[in-house]
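Only one structure is covered here, and it is reproduced in the block below.
What follows draws every value from the coordinates through simple rules; no lab data is involved. Since the structure is predicted, the reported quantities are computational estimates derived from the model, not experimental observations. Every residue, glycine among them, receives a Cβ derived from its backbone with ideal geometry; neighbour counts consider all protein chains shown.
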Amino acid sequence: YTTLGQFDAQMSANVSKLIGAPALSVEDVVRSGGTLQLADILERYKLQVPPTAYGYNKTMFGVWPPEAQAYTSRPVLGYKCIYRTRRGEVGWIPDCSDIESTLKTHATELYSAGVDFVVLDHTNYNVWDFENASNNMNPDVRQLRPFEVILEEWAALRSNGVNTPTIAVWTGLRKSRSENIYKVYLEQVYNDSRYDDLFLKDPETNKKVIFIVDSTNQSDVNSDAIRELEANGFLVQPAWQNVSSGWTYLSPCNPATTLHPDLRSCHHNKTKHSLLGPEWTVSADLAVNTIPFASPGKLGALHLKMQFYDVFADAQGHEANIFLPSFNEFQVGAHPSWHPQPNYLAPMGLESDAHRNIIFIDGFGAHRSRTIEPTVDDHGRTFSTMASCFRVQALQRALGPRAIAPFRNGSGPTAFCRATGESCCAREQDEYMTSVWSFTRADVGATMLTVNRSEVERLRKPASGWVEQCNPYTVDGLSDFCGNYSLVFDTDPTNDRDFRGNYATCRGPFMLFSRNHSATLVPLYTCGDDRVVAAHSCGIDQTREFLGYAGRTPNTWLPRRLRKCRRESARGGADLVYHTLDAECFQGDTEDSVLGYVV
């Protein structure tokens with residue numbers, strides 16, 4: 001039996017040490033509410049680089065400048081890296097600081113939490129030039145040398161009686177990319193007898209385990225390389241995104257971005273083809289984190305718990321490998337927006353940022369990433385929840401398969417999570433959220449907000465005269481809200497436009513906290529019989545409906561500005577009052593206030 005966490009061994013910039021100034025993260029920018037811009041991250045490091053430099057997979061100035069990075073949030077340990085020059089060589093870059101203490105902390109925390117082995121993410125930069133060593137900066141700095149340094153440090157810890165997880169590497173063998181660095185691993189790393197006990201081995205065959213990128217195009221897989229690895233005593237386990245032939249690092253709930261407002265079961269898929277025994281992938285979040293409802297976010301730690309509950313309900317869950325991507329992938333992968341309108345798919349909370357025409361992949365601040373390592377923003381919550389869930393799994397394992405049925409408590413997704421005092425089996429106050437649906441009347445332009453599901457079904461009927469405002473960033477079935485991705489590319493000039501002229505369904509749906517768990521929240525209501533817009537309070541003689549709690553200030557959990565807008569009546573009647581999300585009021589209208597921050 002083993003548990004597993006993905007470990008990002010790619011070279012990460014120790015910017016706080018390198019630059020000598022506090023480093024900014026994407027979370028810092030979002031929380032500033034517009035005071036900071038994404039450009040300030042790079043300006044802090046005195047770099048003149050394009051927005052694409054926010055990605056970890058860009059080569060700039062002809063070399064890879066380690067300080068040109070953006071981080072999702074601030075790790076408790078600080079911004080660390082683990083590159084160290086080999087003896088007798090000239091280093092590619094200056095040695096990182098605090099390597100010994102960084103890797104000791106990682107080893108002891110992971111082992112104590114129940115992580116038995118880690119997989120080093122080497123899925124990029126896998127081409128090694130055997131003819132011209134000067135071309136090997138990227139694969140050496142970001143892949144090979146950190147691998148060696150982890151082995152050196154953890155071997156030293158073990159010799160001093162300190163337990164550490166074992167290690168496997170996850171590399172590429174794609175023919176289309178000429179990926180060949182596995183040969184260096186074979187000759188330079190795996191044949192080093194000093195580290196033999198550190199390598200992950202299959203308990204059935206005692207073979208060393210190596211993970212490879214499982215290409216969706218099977219003809220692209222280098223079969224000769226696989227046979228070479230197998231001939232050298234390796235068990236080769238494919239792994240990639242949403243694959244059916246191996247392990248996956250993304251396993252979304254069904255529907256894919258279920259937001260769990262009613263603690264519904266996650267129903268994500270178990271791995272079907274594992275050479276290492278039963279396996280489940282469990283993650284704190286998914287991937288495209290900056291687009292509304294394209295990814296659930298961490299939801300405190302609820303997304304992680306919900307995925308663990310699927311494991312606990314599985315007859316083999318007590319003995320399954322658990323793959324958790326990822327432990328410390330703090331670096332942001334930012335890619336140019338695919339939308340033809342450059343201002344449209346701006347990251348939530350950054351709709352006015354000069355560099356808003358980018359999509360963040362794999363991480364967007366503390367609350368929208370798969371990262372598990374403790375941060376100053378989550379105070380180690382994700383990590384402690386993971387450790388708690390591992391203890392629950394260990395309890396199931398100790399009871400044995402015949403005792404799983406008595407372990408069950410009640411029904412629903414938490415039925416198999418019965419362990420007193422374990423946070424994995426409890427739901428925190430901030431993990432309760434509510435959906436707010438939005439409807440408009442085409443004849444008068446009025447907007448109605450409601451949290452009543454029965455009323456939603458009534459208003460969806462054509463006879464009601466109301467039209468549901470869909471989330472334009474997804475398709476139907478990904479969340480509580482209807483999705484209409486075709487609206488993203490709408491060019492009808494008669495449709496409502498945001499202040500930049502883009503059709504954004506600014507009056508669309510959103511989510512709020514349903515419980516008041518913090519002084520940083522503000523209650524929202526709809527007022528009057530028509531319930532046209534949210535407010536902090538209503539008049540004495542007005543009816544009201546409680547919606548939920550918004551944030552007083554932004555963060556990546558609640559990043560979207562909810563504005564109250566007013567359009568004066570041209571005929572002396574009542575003004576049209578409405579809300580907007582991610583955009584200013586429509587042209588010619590006035591803003592009453594920012595009511596709060598929502599998702």
Original post:
Going down the list 80/183; 270/298; 175/207; 207/298; 80/201; 80/564, which pairs span over 32 Å between their C-alpha atoms?
Top reply: 207/298; 80/564
**OP:** Using only the Cα atoms of the range 164-234, build the gyration tensor, take square roots of its eigenvalues as a ≥ b ≥ c, and label the shape rounded, prolate or oblate: rounded if a/c is under 1.5, else prolate if a/b is larger than b/c, else oblate.
**Re:** prolate
**OP:** Note down the nm distance, to one decimal, between modelled labels 7 Å out along Cα→Cβ at residue 40 and at residue 193.
**Re:** 5.7
Original post:
Let a ≥ b ≥ c be the square roots of the eigenvalues of the Cα gyration tensor of the range 86-144; is it rounded (a/c under 1.5), or, if not, prolate (a/b larger than b/c) or oblate?
Top reply: oblate
Subject >> Length released on extending from residue 32 to residue 399, taking residue separation times 0.36 nm less the Cα-Cα span >> reply: 127.2 nm
**OP:** Only Lys, Arg, Asp and Glu count, each charged at its Cβ (+1, +1, -1, -1), so figure out the dipole size of the range 420-464 about its Cα centre, rounded to 20 debye.
**Re:** 420
**OP:** Could you pull out every residue, at least 5 positions away or on a different chain, whose amide H is within less than 5 Å of the one on residue 169? Hs are placed 1.01 Å off N in the peptide plane, and Pro or chain starts have none.
**Re:** 120, 211
Subject >> Cα gyration tensor, the range 536-591 - rounded (a/c under 1.5), prolate or oblate >> reply: oblate
